[in-house]
1. Quick check: the distance between the Cα centres of region B:277-330 and region A:1-65, to the nearest angstrom?
2. If I stretch the segment between residue B:325 and residue B:276 completely, what's the gain in nm (0.36 nm per residue apart, minus their alpha carbon distance), one decimal?
3. Calculate one ³J(HN,Hα) per residue across region B:58-65 by plugging θ = phi - 60° into the Karplus curve 6.51 cos²θ - 1.76 cosθ + 1.60, and present them in order as whole Hz with x for glycine and proline.
4. Give the order of B:332, B:124 when sorted by the count of other beta carbons within 10 angstrom, beginning with the fewest.
5. Stick to the Cα atoms of region B:137-180, pair each with every other, and give me the Kirkwood hydrodynamic radius in Å at one decimal.
6. Only helical DSSP H runs with n ≥ 4 go in: add -39500 (n - 2.57) per run for the protein assembly as shown, normalise by residue count and round the 222 nm mean residue ellipticity to 500 deg cm²/dmol.
7. Please report how far the C-alpha centroid of region A:71-130 lies from that of region B:25-59, rounded to the nearest whole angstrom.
8. I'm a student and want to see the number: the projected area of the Cα convex hull of the protein assembly as shown, averaged over all directions, in nm².
Amino acid sequence: MIIRGRKIVGGRTEGVALVSRDPVSFYGGIDPVTGVVTEPGHAVEGECVTGKVFVFPTGKGSTVGSYVIYRMAKLGTAPAAIVNLETEAILATGCVISDVPLVDRIGEEAFKGLESGMVLKVDADAGTVEVVEG
Amino acid sequence: MTREEEAMLGGEEGPAAAKLLELLVALGEVFGAERLVPVESAHISGVSYKNLGEAGLGWLVEQADLGARARIRATLNPAGMDMEFWREMGVPEEFAEGQRRVLAAFERMGVEPTCTCTPYLAGHVPGFGSQIAWAESSAVCFSNSVIGARTNRESGPTTIASAVTGLAALYGFRLDENRRPGAVVEVEADLDTVMAYSALGYVTGKRLGTTVPYFKGLGSPSLEAKKALGAACATSGGIALWHGEGVTPEAEAMKGHLAGLERLTVTAGDVEEAVARFTGPLDDPIIALGCPHSSLEELGEIAGLVGGRNFGGRLWVFTSRSVYSRAEEAGHVGAIRAAGGRVFRDTCMVVAPLKEMGWTEVATNSFKAGHYMTSMGMRTRMGTIRELLGARQ
């Protein structure tokens, strides 16, 4: 299955999906050193985003979150790619300055169909997400 | 894109400009901008080492290393400390070192180290209708609303990108149609102090979120009242632009767009309730004034009220270097010091490392400061400048 979305930051990658139904704040919500989601009560609290295709509806929180994504990229703890329903400025800024591929507008139906553990191939240049396995 | 923009994106003006333009283009995509637009001024936030940490500092140093240089006038928001008198503030040495490295990176990029949230009081005043790229939510509100310049609520990286490329994506408050009000706010409270305007802003932002308000019944607010109003409504909501009947330059043109808008009333009771939210019993608070940074008039008012008292180092007033030097000449700084008060530049109670400085209780006249200091774990009380300075002998 190939899902069509919108390219925000280009790049191609393949990885295991981590799917959150909650919006994500990188500032205060994720430990940049370990890549683990630390926000209490969050849908994927305790999960590690490192190397994953991180799928969630949208971003939230402080604009400092852009710098957190950058720091994670430098530390090697960043996600391999981010896929959103509708992205926003903090995530877009963080992904551009960190070279993390970012695709959004994949549609509600496709978003519902994605689950953690699936293997996803992201071609952000083409704005597509393909379910390879799962 | 123009030929020049394509060339910049292709790296003809260096790797920093190319990457930073890529950022503006990506944001343009997110917000559906049709093109880029030249901007003539930038005001950059994300300066305090407290918020940036090593991550943000690393990115700033990389930009400077890659040759990022401002091609338009660019000023800086407050840092986490007075760059000269940080020891007197109780800021730890390690923090000071990080903060110095942040400033050094910005200076290499050709950014003026103004370190103030009120650049418009420090000689950086854009023209009416001009396209600018400003961060710092209170300065965004002031420049959009009071000056009539045009900016979205930018972030640290996007303002750096605009400073280096001289461009911004054309969307949001840069376009006429998005500057129209979305709600009419009838003010039925007596607005006799700067704190009252701050409370009005706080109540309005809470109710409206990011909707552009059109205020009726604002009276004749001073510059200080206007900066307090905008700062508060940008804090409790995400307001980037407000219109005030008979007060702001675009209000008259908006009169034809008020029919059918949501209406809300702010009463004296609403203002009192907002003040009461922050009014807890405190033992020995530090009185912190200057959020946004104090104007020369505010420093004069404070100086006039503290005569003959001794605050024992527990009155802190924040301002810009530019205003400070004028206040020093006028004798205001000396008068505040003589009363055991302190006047610091380059920083404020919102971006300084208050916990590391040992603060636990604060009294202020700014709802913006009250909001952020509460979220930093401080017990906070709200009062007018007169109340705060009169309460302590």
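Quick note: the coordinates plus some simple rules give every number you see, no bench work behind them. For clarity, every value in this text was computed on a predicted model and none was experimentally measured. For neighbour counting, all protein chains shown are included, and Cβ atoms are generated from backbone atoms with ideal geometry for every residue, glycine included.
1. Comparing the Cα centres of region B:277-330 and region A:1-65, I get a distance of 43 Å.
2. Values: separation 49, 0.36 × 49 = 17.64 nm, distance 3.59 nm.
Gain in length upon complete extension: 14.1 nm.
3. My calculation for region B:58-65 gives x, 5, 4, 4, 4, 4, 4, 4 Hz in order.
4. Details: B:332 27, B:124 22.
Starting with the residue having the fewest Cβ neighbours, the order is B:124, B:332.
5. Values: mean 1/r = 0.0908 Å⁻¹.
Answer for region B:137-180: a Kirkwood hydrodynamic radius of 11.0 Å.
6. Details: 20 runs with 190 residues, N = 527.
It lands at -10500 deg cm²/dmol.
7. Centre-to-centre distance over Cα atoms comes out at 20 Å.
8. Working: hull surface 96.2 nm².
Mean projected area of the Cα convex hull: 24.1 nm².
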